[in-house]
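Below is one structure, written out as structure tokens; the observations come after it.
The values are calculated or read from the model by the stated rules, or taken from the named source; none is laboratory data. Computed from a prediction, not measured in an experiment: that's the story for all the values here. In this analysis, Cβ positions are derived from the backbone assuming ideal geometry, glycine residues included, and neighbour counts consider all displayed protein chains.
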Amino acid sequence: MEFSIDRGEFLQSLAPTQGVVERRNTLPILANVLLEAKKDLSVAATDLEVHIRRHCIAKVKREGAATVGARKLHELVRELKPGEITIRALENQFLEVVSGRSRVKLVGLPATDFPAFPHGDAKEKATFTLPAETLATMIDRTLFAVSTDETRAHLGGIYLTSNSDALRFVGTDGHRLALVDQAVKEAQPIEKGIILPRKGLAELRRLLDGAEGNVEATVSPNALRVQQGSVELVMRLIDGEFPNYEQVIPKALKSKVVVDKNELLSALRRVSVVASDRARGVKLLIGEGQLTISASSPDFGEASEEIEVAYSGESLSVGFNSRYLTDVLAVLPDEQRVEIGLIDDASPGVIRAEDDDSYSYVVMPMRL
């Protein structure tokens with residue numbers, strides 16, 4: 001194998017592989033990136049749960065394939081000067097990288113040991129197609145609420161359902177729940193919801209950062225395949241039953257507070273400085289036209305702040321984990337007002353952007 005490629009193009013192809021390869025793994029080959037030179041060059045990486053591959057333009061002088069440490073190759077190419085790089089496979093699995101006066105040989109492993117990239121059915125039709133920016137927003141608004149508890153695998157991803165004209169993403173860790181609906185055209189219904197893994201979605205989100213155009217996604221019995229430009233990503237679905245999330249969403253809210261999003265977020269961040277490191281509890285005291293946020297702990301002190309809100313009704317006091325509130329406010333649009341819907345101090349609260357029913361965030365209260 002031998003090919004020449006622009007250093008910038010090669011670096012752009014190696015970048016998406018860095019989050020996929022595992023730092024610690026039982027199979028050494030999973031720490032490597034696969035380079036396949038045919039009509040063009042493809043760069044692939046996998047941890048067996050997430051597979052990613054990017055096709056790029058290269059001058060192929062001799063076809064072939066080779067694998068080499070993903071992180072070392074990325075570090076090397078990042079330090080090379082701009083210009084053309086020549087890469088060739090040598091005997092004993094060595095890979096030579098030549099750029100100007102620089103010549104480096106890296107140790108590799110046999111390409112035949114690299115796991116095969118999952119191939120889809122050429123006749124399969126995309127389950128849904130979305131603008132990259134729209135899909136990125138859906139991930140941003142739900143992924144932060146997903147559980148990181150490895151013992152609760154069924155909560156370790158986003159639950160995806162769809163009908164012919166809408167997609168729904170749901171994420172929860174048992175203490176909070178984020179739900180977003182998105183209208184789509186001519187989507188293929190997913191009869192039974194699927195669970196997309198947290199890592200796969202995190203890697204997909206990185207790919208979508210700054211991306212333009214549409215993303216095509218296809219659901220198969222055990223995987224989701226996503227195509228965005230020259231990059232293809234396949235993630236293995238989580239096998240498990242997602243909880244009946246609809247039963248925890250309050251159907252009738254007694255009180256609704258409307259407040260400026262940025263003002264509320266800033267106040268929460270200031271007040272929560274003195275909250276307990278473990279519970280991070282803050283109390284919201286809602287009165288006529290005013291919201292008082294307070295927190296106290298024997299170790300750090302106490303703090304309170306008043307902000308103006310649109311509210312008329314009986315006074316209500318409720319406690320929440322401050323991080324659960326700041327997390328959702330951070331992903332909502334700036335310079336927009338948010339609605340906080342409440343029933344009482346023992347029932348879940350619901351946060352939405354004002355005049356936007358496509359997104360709901362449910363958070364459980366805490367005793368303070």
*Name the pairs: first residue in region 221-232 and in contact (Cβ under 8 Å) with a residue 12 or more places away in the chain, second residue of a type outside the set (A, V, I, L, M, F, W, C) and in a loop (DSSP other than H, G, I, E, B), Cβ to Cβ under 7 Å, at least 6 apart or on different chains?*
223/118; 225/120; 229/213
*asked:* Looking for something more than 19 Å from the chain's Cα centre (by Cα), in contact (Cβ under 8 Å) with a residue 12 or more places away in the chain, surrounded by 13 or more Cβ atoms within 10 Å (Cβ to Cβ) and over 23 Å from residue 20 (Cα atoms) - is there at least one such residue anywhere in region 109-119?
replied: no
*Output the residue which, of all residues in region 307-330 that are farther than 15 Å from residue 176 by Cα and not small (Gly, Ala, Ser), is modelled with the lowest pLDDT.*
314
*Restricting attention to region 77-101, which residues are of a type in the set (Gly, Ala, Ser) and either at pLDDT below 95 or within 35 Å of the chain's Cα centre (by Cα) (or both)?*
83, 100
_Sole residue being closer than 21 Å to residue 115 by Cβ and either outside the structural domain of residue 226 (by TED's automatic domain parsing) or crowded, with 21+ Cβ neighbours inside 10 Å (or both), chosen from 90, 73_ = 73
*May I ask you to list the residues in region 232-253 that are at pLDDT 90 or above and basic (Lys, Arg)?*
236
*asked:* Which count do you get for residues in region 295-306 that are in contact with an Asp or Glu (Cβ under 9 Å, 6 or more places away or on another chain), exposed (fewer than 15 other Cβ atoms within 10 Å of the Cβ) and not charged (D, E, K, R)?
replied: 1
*Which of the residues belonging to region 291-306 are assigned to a strand (DSSP E or B) and either on the phi > 0 side of the Ramachandran plot or of a type outside the set (Ser, Thr, Tyr) (or both)?*
291, 293, 295, 301, 302, 303, 305, 306
*Just checking, which of 279, 330 is out of contact with any Leu (no Cβ under 6 Å at 6 or more places or on another chain), in a loop (DSSP other than H, G, I, E, B), touching a residue at least 60 places away in the same chain (Cβ under 8 Å) and hydrophobic (A, V, I, L, M, F, W, C)?*
279
